[in-house]
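What follows is one structure encoded as structure tokens, with my remarks underneath.
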Amino acid sequence: MLAQTEPCRWQGVAVQPYKEDGTLFRGVSRQTLFEGGAELPVQVRVFEVQEGGHSTLERHEHVHVVMVLSGSGRVLVGDRVHPIGEHDLVHIPSMTWHQFRPDAGTSLAFLCLVAVDRDRPQRPTDTDLDLLRARPEVADFIRT
Ligand code: MN
């Protein structure tokens, strides 16, 4: 049992920087709520993206299942940008570009389910970016 102590904070759970390898993101924190083992090899994480921030634009073999906890924003999934709000569920398929951004005037908190055993994220090459930017709505949305 892990009780919520205040909005988006849980008993004994550290609020960590999103990533420590210098990849490009802005205003993002991470909390790990569940670290699975052999019986259930998944992690449950909560990410918060502050107003004006964004998650890293990336893709990887592993998949994500994401549920928005609070706030609203938009998510890039492949070559589409979708509006997202509280309790919407987002599936990020394997090798699919993705990035989360809150709407103006709000932050965005979401729960993300991921396998413990997973590959490292890939960042877009210049060629990948050219392909992504072929769609104007994607070109306007992405942050690198
Ligand atoms: Mn990812």
Within the stretch 123-132, does at least one residue satisfy the condition of being among the hydroxyl-bearing types (Ser, Thr, Tyr) and within 14 Å of Phe25 (Cβ to Cβ)? no
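Table: residues versus (1) without any contact (Cβ under 8 Å) to a residue 60 or more places away in the chain; (2) not β-branched (Val, Ile, Thr).
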{"position": "Arg26", "(1), (2)": "no, yes"}
{"position": "His62", "(1), (2)": "yes, yes"}
{"position": "Val66", "(1), (2)": "yes, no"}
{"position": "Leu69", "(1), (2)": "no, yes"}
{"position": "Val77", "(1), (2)": "yes, no"}
{"position": "Glu86", "(1), (2)": "yes, yes"}
{"position": "Ile92", "(1), (2)": "yes, no"}
Which residue, of Val46, Val81, Val68, Val28, is more than 11 Å from the ligand (Cβ to nearest atom), crowded, with 16+ Cβ neighbours inside 10 Å and at pLDDT below 95? Val28
What are the residue pairs meeting all of these: first residue in the stretch 97-126, first residue under 17 Å from Leu33 (Cα atoms), second residue assigned to a loop (DSSP other than H, G, I, E, B) and within 12 Å of the ligand (Cβ to nearest atom), Cβ atoms under 6 Å, and 6 or more apart or on different chains? Ala115/His62
Counting only strands (runs of 3 or more DSSP E) entirely within the stretch 1-71, those with at least 1 residues that are hydrophobic (A, V, I, L, M, F, W, C) are 26-35, 42-54, 64-71
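Quick grid of which residues meet (1) touching a strand residue (DSSP E or B) at 6+ places or on another chain (Cβ under 8 Å); (2) modelled with pLDDT of 95 or more; (3) within 11 Å of the ligand (Cβ to nearest atom):
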position	(1), (2), (3)
Pro41	yes, yes, no
Ser55	yes, no, yes
Ile92	yes, yes, yes
Val114	yes, yes, yes
Arg133	no, yes, no
Phe141	yes, yes, no
Is it fair to say Glu61 is more than 14 Å from the chain's Cα centre (by Cα) and either at positive phi or within 11 Å of the ligand (Cβ to nearest atom) (or both)? yes
So Gly12 clears everything in (1) of a type in the set (Gly, Ala, Ser); (2) surrounded by 15 or more Cβ atoms within 10 Å (Cβ to Cβ); (3) more than 16 Å from the ligand (Cβ to nearest atom) except one condition, right? Which one? (2)
If Asp21 meets every condition in (1) more than 12 Å from the chain's Cα centre (by Cα); (2) at pLDDT 90 or above apart from one, which number is that one? (2)
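The values are calculated or read from the model by the stated rules, or taken from the named source; none is laboratory data. Keep in mind it's a predicted model, so treat the numbers as computed, not measured. In this analysis, Cβ positions are derived from the backbone assuming ideal geometry, glycine residues included, and neighbour counts consider all displayed protein chains.
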